[in-house]
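As structure tokens, the structure follows; a few thoughts come after it.
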Amino acid sequence: MRHPDVPLLEIADLDVFYGDFQALFGVSMSVTQGCATALVGANGAGKTTLLRTIAGAQAPVSGSVRYDGLDITAAPPHRRISRGIALVPEGRKLFPSLTVEENIQVGAAAVASDSWSLERIYGAFPMIAGRRRQRASTLSGGEQQAVAIARALAAAPSLLLLDEISLGLAPRVVEELYETLSGLRSAGATLVIVEQDLRRAMDACDNLVCLLEGRVALAAPVASVSAGEVVAAYFGEGTP
Amino acid sequence: MNWVNAVIQGMLLGGQYALIACGLSLMFGVMRIVNIAHGDLAVCGAYLGLVLSSALGVPVWVTLPLLLPAAFLAGMALQVLLFGRALRHGVLAPVLVTFGLSVMIENLLQVAATSDPRGLNGGALALASFHIGSGITVSWLFLTAFLTACTVLSCLQLLLSRTSWGRKVRATADDVDTARLVGIRVRPVFATVAGIAVATAALAGVFIGTIGTFDPLAGTNTLIFAFEAVVIGGIGSLWGTLVGGVALGVTQVVVGEINQAYAVLAVNLLFLAVLTVRPGGLFTSRQAVRELQGLGAPG
């Protein structure tokens, strides 16, 4: 039973290190069921690290990650996926020797649910429907990105983490991908989106979290912040 | 007719090399482990066959339903207890660990079984042969070894390309970090791959022990041929491994027909030549290399 007041994802005081280098300093944030959160910040601010920590690829030194009321701080990635957290990693990270369809099927490996059947996925991503038997490495950048999102969807996630899905893609393709995302949102998915393009991020999301050098510089509903405030938090200028 | 015979015998011999090599290729392809103990594990399989077949008083083939599962479990245990731990400490650690394992196996076998050469009881099959035309005699045992190699390679190929287990194995071989991230449990994948590798090695060991003799140190020589078959064929290509094994076998027998002293030298020269001209092996296409690199670049 999901309590409406309890956030779907609750992160508290995360400290994450790469060796001696500290990437996140006491990061806390929460994500409400059904909301889209934009995670913004300059290069090296810790956005990817935060997403990887939520997905279980990176272990925090201290702090906690709670999902759907359960502490999952120590859970391995496959447990998190079967609970409904899926990550679309930065740089797509498809399996080059697998076909499009095999890449998507691998995404469903850890889950029993087939609410995202292959047919439904191809319906959501018509640009890859005709390429099922093709090796993932032979696709264009936009198609590869679509496969990467499809692979995450195959796990039937309730929380979808998307890392820089528009990187290196033509604006028209990015437009198409974001249309698919808004379709997912209206179907009830909760999203956390890392996006370089501030305007696009603010258009697509309800909440915004800005990281600055591993710390949360701003966390607010998109409707209540001005672009100027976000830019100030982004560059660390005049923070009160 | 001598030459035709030499080519046929060489191909059959090559099947044995491919059988021993496929496990080596699989472990390197998936886990990036160069298993220096692979030949010694094959010899262990031969000794296990010797123990079982003399204890039960049956030809070694009858013991395979016991021997192969035991080898599979041993492979899984090695992966979980030894190789998996070594992998966490960089690329060099597994090389050192498998080298140490090789030395340990050879010495333990010498203590337990002495250095006397042994042979396995292959039953009636071991001595039977048939003639093709005049002058060509094919041993049923050699033919069985060759056909077994083809069957094992075909089954592996089917498992890898058609099953969900195979999909996970190939995804893990492509990119182990991302495999974990999309929910593949990598440890069971690695354990089953190591199990299959050791089981095929043990099967090859049984053929080696039935066709010729073996002693505790036979693993090193076996390893060299297996390694050369893998590299000539191209790493990660199972059919390439078969072709590599056959190329080695044919070279060895045909050159042996001219002068027995140069047979093994010729094999090593062939290996050196392939390594110089096509370092990726015969069946690793440039296309595959490009594909692997292509995913890194955006756009």
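The values are calculated or read from the model by the stated rules, or taken from the named source; none is laboratory data. Since the structure is predicted, the reported quantities are computational estimates derived from the model, not experimental observations. Quick reminder, even Gly has a Cβ in these numbers, built from the backbone with ideal geometry, and neighbours come from all protein chains shown.
Okay, here's what the table says:
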read-out	value
Condition broken by residue A:176, with the remaining ones in (1) touching a strand residue (DSSP E or B) at 6+ places or on another chain (Cβ under 9 Å); (2) in a helix (DSSP H, G or I) satisfied	(1)
Any chance residue B:155 is without any contact (Cβ under 8 Å) to a residue 24 or more places away in the chain, hydrophobic (A, V, I, L, M, F, W, C) and more than 11 Å from chain A (Cβ to nearest Cβ)	yes
Residue match in region A:68-91 (condition: out of contact with any strand residue (DSSP E or B) (no Cβ under 7 Å at 6 or more places or on another chain), over 30 Å from residue A:27 (Cα atoms) and within 14 Å of chain B (Cβ to nearest Cβ))	no
Pairs, first more than 11 Å from residue A:124 (Cα to Cα) and in contact (Cβ under 8 Å) with a residue 24 or more places away in the chain in region A:171-192, second of a type outside the set (A, V, I, L, M, F, W, C) and in a helix (DSSP H, G or I), C-beta under 6 Å, six or more apart	A:173/A:142
Odd one out for residue B:161, checked against (1) at the interface with chain A (Cβ under 7 Å from one of its Cβ atoms); (2) without any contact (Cβ under 8 Å) to a residue 12 or more places away in the chain; (3) assigned to a helix (DSSP H, G or I)	(1)
Exclusive hit being within 14 Å of chain A (Cβ to nearest Cβ), part of a helix (DSSP H, G or I) and of a type in the set (A, V, I, L, M), set B:206, B:189, B:231	B:189
Failed item in (1) more than 14 Å from chain B (Cβ to nearest Cβ); (2) buried (at least 23 other Cβ atoms within 10 Å of the Cβ); (3) not small (Gly, Ala, Ser), with residue A:61 passing the rest	(2)
Within region A:75-108, considering residues that are part of a helix (DSSP H, G or I) and basic (Lys, Arg), the one surrounded by the fewest Cβ atoms within 10 Å (Cβ to Cβ)	A:79
Extreme residue, nearest to the other protein chains (Cβ to nearest Cβ), among residues of region A:129-140 that are assigned to a helix (DSSP H, G or I) and free of Cβ contacts under 8 Å to residues at least 40 places away in the same chain	A:138
From the options B:230, B:138, B:152, residue that is modelled with pLDDT of 95 or more and either in contact with a helix residue (DSSP H, G or I) (Cβ under 6 Å, 6 or more places away or on another chain) or within 25 Å of residue B:61 (Cβ to Cβ) (or both)	B:152
Options B:194, B:179, B:171: the member that is crowded, with 23+ Cβ neighbours inside 10 Å, more than 10 Å from every other protein chain (Cβ to nearest Cβ) and either farther than 18 Å from residue B:24 by Cβ or modelled with pLDDT of 95 or more (or both)	B:194
Residue list for region A:141-173, restricted to those being in a helix (DSSP H, G or I) and more than 10 Å from chain B (Cβ to nearest Cβ)	A:143, A:146, A:147, A:149, A:150, A:153, A:171, A:172, A:173
